[in-house]
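Trainee: I'd like to ask you about the structure that follows.
The values are calculated or read from the model by the stated rules, or taken from the named source; none is laboratory data. Fair warning: this is a prediction, and the values are worked out from it, not measured in the lab. Cβ placement follows ideal geometry from the backbone for every residue including glycine, while neighbour counts extend to all protein chains displayed. Side chains included, ligands, DNA and RNA excluded: accessible areas come from the protein's heavy atoms. Shrake-Rupley method; radii C 1.70, N 1.55, O 1.52, S 1.80 Å.
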Amino acid sequence: MSQFLENVFPSEDAIPDQFRISKPIEQREYLINGEMKTWSGNLNPVLSPVFVKEGNQYVQKIIGSTPLLTSKESLEALDAAVKAYDMGHGFWPTRSVTERIEYVEKFLAAMRKQRSEVVKLLMWEIGKTLKDSEKEFDRTCDYIVDTIKAYKDLDRNSAKLIEEQGFMAQIRRVPLGVSLCMGPYNYPLNETFTTLIPALIMGNTVVFKPAKYGVLLVRPLIESFRDTFPPGVINIIYGRGRETVGALMESGKIDVFAFIGTNKGANELKRLHPKPHRLKSILGLDAKNPAIVLPDADLNNAVSECIAGSLSFNGQRCTALKILFVHKSILNAFIEKFNAEIKKLKPGMPWDNGVGLTPLPEPGKVDYLRELVEDAKAHGAKVMNENGGEYRNTFFYPAVMYPVTEKMRLYYEEQFGPIVPIVSFDEDDEAINYVVNSNFGQQVSIFGTDSKRVAKLMDAFVNQVGRINLNAQSQRGPDTFPFNGRKDSAEGTLSIADALRVFSIRTIVATKGTDENKQIISNIIRNRESEFLSTDYIF
Ligand code: G3H
């Protein structure tokens, strides 16, 4: 335990009133078939990463509990979703685009009212700063607004007949079926909703299981889901993954699997589906994004982007920079500046003004990070920054480790936390080989000003990763950009527009352009006899 971090955790009375949770939230509700059910079985305690000082003791805050449902309830949720989809003939999949948009708009209006409650729970459950928690909420609302806009655009482009080689046809996107949506603990609202909302708006029905941590924050939204969507369209379950989700996959009735987590978890679940060819997966998985800092990089910019890239939300972003390759000639200057910037990051609680470093939500995470540091030290690396690697309970102060080599776990493992491994290099090929041989292929960041050298690196990476960032940290946004990865980092592509495609398939109505067929088509359109075949233009 660190003396330096002695005062990092507050006493109860130092927690601002508006953010205090005076009484644990005992959640027993879950949503199936439009009905709020009450669970009378075992509950899972929700431990906050925040400890509270009581005299000389530190006590971990238990902020509530959530239902530990079993496979029985999760299969009930599945049945409700299957029934609501009704082989594509259900009320929801047969609504018009305009109607489904109206439902989602209504949900968004209700969701906005829960902002302060959700933000508060984001802070308590996963330790995200107030500023970042607000950003997560607002970004999610913007994502919904933009999704609606993109869906209108998509529909407008389909609102016409095409003629090709004597055929006339109309092509539209239609839903796939029942979707299982599961998000990650680091963006439990935003990343979950980047699949949940597109799945719903395209006409799929959904079983939604919140992330491992960041579970209670869904509670303020359950009534909005229940009151907005028709029964069975969205069902929300809680409990242990293997038991609840495993049963769903084994049933073979899941058509789309949207999962953000580890490739190991995704593989285990996918394997349970009896008809893999009927399962469409959209996965956001592990990553170990490197930064490559060239000798002529603008050092101030490289350091500030690498600080944000490796340490925002304590490094717990899938897109975080998880290893820095710094050219030998600028190594000392880089580390010196980098350490000076770390010192400016204020350790504290999520609601503290200007806080930059907060406690970590995963049980056992601090021990894991300590193991990584010890392993690196045993193989010759040193902690380069003052107080680096000091810890207290769930708080781990960032450790800058150098020199990191291929002998160390930090070279390969995704630390998903506040450790910054630095590798020095002479030849650019050393960094290129790292990316080529990595199991992951999400993003890379290049820092440099020599266009020829930068271009050579870019070209070396285009077939390795999904995004190459020049003089910028790795990141997902803007949300209109395609977000994907190669190897063990992802399956499929998400963006506002791509997500609508992922949760749908194109269906064509086609006929030979004879006079008789033209007359039938014209009747259908003029008399509005079909929902699908229509040239209505949404404004
Ligand atoms: O954890 C992975 C997120 O998709 C990263 O998103 O780059 O906007 O933080 P971000």
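Trainee: Starting from residues that are in a loop (DSSP other than H, G, I, E, B) and in contact with a strand residue (DSSP E or B) (Cβ under 7 Å, 6 or more places away or on another chain), keep the ones in the stretch 178-197 and report whichever is farthest from the ligand (Cβ to nearest atom).
Mentor: GLY183
Trainee: Separate question: Is there any pair linking a residue in the stretch 238-253 that is assigned to a loop (DSSP other than H, G, I, E, B) to one that is open to solvent by 30 Å² or more (accessible area, probe 1.4 Å), with Cβ under 6 Å and at least six apart or on different chains, and which?
Mentor: Filtered contacts from the stretch 238-253: GLY252/PRO274; GLY252/LYS275; LYS253/VAL82.
Trainee: In addition: Since ASP132 meets every condition but one in (1) in a helix (DSSP H, G or I); (2) open to solvent by 20 Å² or more (accessible area, probe 1.4 Å); (3) away from the ligand (no atom under 16 Å from the Cβ); (4) not β-branched (Val, Ile, Thr), which condition does it not meet?
Mentor: (3)
Trainee: Taking the condition of being assigned to a strand (DSSP E or B) and surrounded by fewer than 23 Cβ atoms within 10 Å (Cβ to Cβ), how many residues in the stretch 284-310 meet it?
Mentor: Going through the stretch 284-310 one residue at a time, the tally reaches 0.
Trainee: Return the pairs, sorted by first residue and then second, in which the second residue is loosely packed, with under 13 Cβ neighbours inside 10 Å and among the β-branched types (Val, Ile, Thr), the first residue lies in the stretch 511-528 and is closer than 22 Å to GLN165 by Cβ and free of Cβ contacts under 8 Å to residues at least 12 places away in the same chain, the beta carbons are less than 6 Å apart, and the residues are 6+ apart or on different chains.
Mentor: Once the first residue is closer than 22 Å to GLN165 by Cβ and free of Cβ contacts under 8 Å to residues at least 12 places away in the same chain and sits in the stretch 511-528, its partners that are loosely packed, with under 13 Cβ neighbours inside 10 Å and among the β-branched types (Val, Ile, Thr) give ILE525/THR535.
Trainee: When the stretch 467-492 is examined, which residues are found to be without any contact (Cβ under 8 Å) to a residue 60 or more places away in the chain, away from the ligand (no atom under 11 Å from the Cβ) and either open to solvent by less than 40 Å² (accessible area, probe 1.4 Å) or assigned to a strand (DSSP E or B) (or both)?
Mentor: Listed by number, the residues that qualify are ILE468, LEU470, ARG486, LYS487.
Trainee: Take PHE259 and tell me if it is touching a helix residue (DSSP H, G or I) at 6+ places or on another chain (Cβ under 9 Å), away from the ligand (no atom under 16 Å from the Cβ) and touching a residue at least 40 places away in the same chain (Cβ under 8 Å).
Mentor: No; evaluated as a whole, the condition is false for this residue.
Trainee: Return the only residue of GLY214, GLY232 being part of a loop (DSSP other than H, G, I, E, B), within 16 Å of the ligand (Cβ to nearest atom), open to solvent by less than 10 Å² (accessible area, probe 1.4 Å) and modelled with pLDDT of 95 or more.
Mentor: Exactly one residue qualifies, and that residue is GLY214.
Trainee: So, one more: With the checklist (1) over 28 Å from the mean Cα position of the chain (by Cα); (2) assigned to a strand (DSSP E or B) in hand, flag the one item LYS452 doesn't pass.
Mentor: Exception for LYS452: condition (2).
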